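Let me begin by presenting the structure, written as structure tokens, before commenting on it.
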Amino acid sequence: MVDHEATDRELLLKGDAAAFAVFYDRHAEWVLGFLRRRSPDGEAAADLAAEVFAAALSGRRRYRSENASAHAWLLAIASNKLNSALRSGYAERRARTRLAMRPVEVTEEDVARIDALAEVSVVVELLQDLPADQRTAVLARIVDEGEYADIAVRQGVSEAVARQRVSRGLAGLRRQWEKRV
Amino acid sequence: MTGHRQPWYLDRLRAELERVAAIEDQRERSPALGRLRPALGRLRPAPQTLAALVAVFALVAVVVTVVTVARESDVERPAAPPGKKVAATDVERGVRFSLDGRVLTVQLLPDRPEVLETVSGAEISATCDTNVAAPPGDRRGETTVFRIWPAGETSLSYRFPRDVSSWCRLDRQSVGIVASVSFPVAWSGAREQIAETANNWVRVFASTEQACNDYTAPSVCKQIGCRLVGGKPTEACKAWLLPASSTPSGKGWAWEHRGATVQKIAISGDRAAATLSKDGLEIDTVQLRRTATGEWLIDKLGADGAVGPDAAAQRREHRGP
């Protein structure tokens, strides 16, 4: 049984297929969105995403960071694969070949959804740039629609501090967003 | 995970990742123990059974040890052909690659401490290519070997499961390409040998009608059921050759090879294919294999190994009237 509350680090080091599936669920969309915004088309982004997660699967037990979130680790893999693809003109297949992965086809409908992900993932990326306490508070309030009192209890702070963290987090997001657009 | 209900790309990718992850899981469990489990389940816990179990475990331990030693020393594989040793240096990165058959040795030059820092203690993969004739982007000929680079070491060897001859590169997953080189001497040498063998074969064949000759491996003689007795081809050889009356020119298949030369060569490891052309037309393909002594010999006739009058007719069909 996989603990869905486990950190990325715990999931990766656990090393089994079920734990990796939970890890994949957490990150697949933003990785694909990230790659889409830097790739010429949705198919190229999908191809790269498959290679990124194949590399992550191969290297999961070698995750050495003390950071509980593997966002930076995945981002490094994705950037690396992306740069390699931009240099050579095609996505690497090393990790997929090593795992003997079968190709996953991309339909036209997929391409449309991948394009849509590119927009959504901007917000996810911006969230990752926030300090951890603000990020947690923003997610708890905006995504999970939690009450400030509950957020405060979970974070071990007063309700006022919880409100302040959400407020500062949203302000930070706005600033970052304005810089990008 | 995504909020999307119907399977779409990420769901299908997830399923494929789960499939290969499950295979990885299985692979990482001890295969010997895995095979023992069902047998253990069937055994009754009697004293003699326990004794048998001990014996089985002892036997498994011995077998595993022997197999491991054999694998490490590469005993079960045929020895790598003593081909030419080649070396090339990535001057920009300060990394020297030496290739000796299947063994690639990578040496970091002393004036590039940053490269040592990059590889030290990290998993560094070496990828080399075998198929020098592959089109750009074709990765079917690539082979990758993964090793942890010992911290502080300036040299490391990689043993490939097959011969590599074209180019090699080092990668670190989080960094990308660390260094890369190509070995032009290695494969241009092979191409010359292949062309020489195939041209000699076609010359002998065209003049003597002996498809099985000094430039072919015994497999070709078996393939066409043809032997030479007293220097002359047997009836089986003649059966393979086209009857003189069946060609438009009224002459045999061997005659049609007269003047043909190698125009294209494709190499993949210790195998190669040479396409023979005459007057601008491709007339035949022969397949070659590199022997343990490094010599190239024709191993099969035809692009797919098909031989005999039927194959000859097929070849004629492909060429058109």
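Only one of the numbered conditions (1) in a helix (DSSP H, G or I); (2) without any contact (Cβ under 8 Å) to a residue 12 or more places away in the chain; (3) away from every other protein chain (no Cβ under 11 Å) is not met by A:Asp25, and that is (3). Kindly indicate whether any position in segment A:37-48 is within 25 Å of A:Gly169 (Cβ to Cβ) and more than 11 Å from every other protein chain (Cβ to nearest Cβ). Yes, segment A:37-48 contains at least one residue that is within 25 Å of A:Gly169 (Cβ to Cβ) and more than 11 Å from every other protein chain (Cβ to nearest Cβ).
Only residues that are out of contact with any Asp or Glu (no Cβ under 7 Å at 6 or more places or on another chain) and closer than 19 Å to B:Ser125 by Cβ were counted in segment A:86-95, giving 4. Considering only residues in segment A:89-116 that are within 7 Å of chain B (Cβ to nearest Cβ), under 30 Å from B:Arg147 (Cα atoms) and of a type in the set (A, V, I, L, M, F, W, C), the one that is nearest to the chain's Cα centre (by Cα) turns out to be A:Val104. Of the residues A:Glu10, A:Glu43, A:Glu5, the single one that is assigned by TED's automatic domain parsing to the domain that holds A:Trp73, among the acidic types (Asp, Glu) and within 18 Å of A:Asp110 (Cβ to Cβ) is A:Glu43. Within segment A:9-22, being more than 11 Å from every other protein chain (Cβ to nearest Cβ) and either crowded, with 24+ Cβ neighbours inside 10 Å or assigned to a loop (DSSP other than H, G, I, E, B) (or both) holds for one residue alone: A:Leu11.
One residue stands out among those in segment A:55-76 that are within 7 Å of chain B (Cβ to nearest Cβ) and surrounded by 20 or more Cβ atoms within 10 Å (Cβ to Cβ): the one that is farthest from B:Ser125 (Cα to Cα), which is A:Leu57. Checking A:Ala28 against (1) surrounded by 18 or more Cβ atoms within 10 Å (Cβ to Cβ); (2) in contact with a Lys or Arg (Cβ under 8 Å, 6 or more places away or on another chain); (3) over 19 Å from A:Arg102 (Cα atoms): exactly one of these is not met. Which one? The single condition A:Ala28 does not satisfy is (3). Out of all the residues in segment A:152-159, is one or more surrounded by fewer than 14 Cβ atoms within 10 Å (Cβ to Cβ) and within 12 Å of chain B (Cβ to nearest Cβ)? The answer is no; no qualifying residue exists.
The values are calculated or read from the model by the stated rules, or taken from the named source; none is laboratory data. Here the structure is a predicted model, which means the values were calculated and not measured. We place every Cβ from the backbone using ideal geometry, glycine too, and count neighbours over all the protein chains shown.
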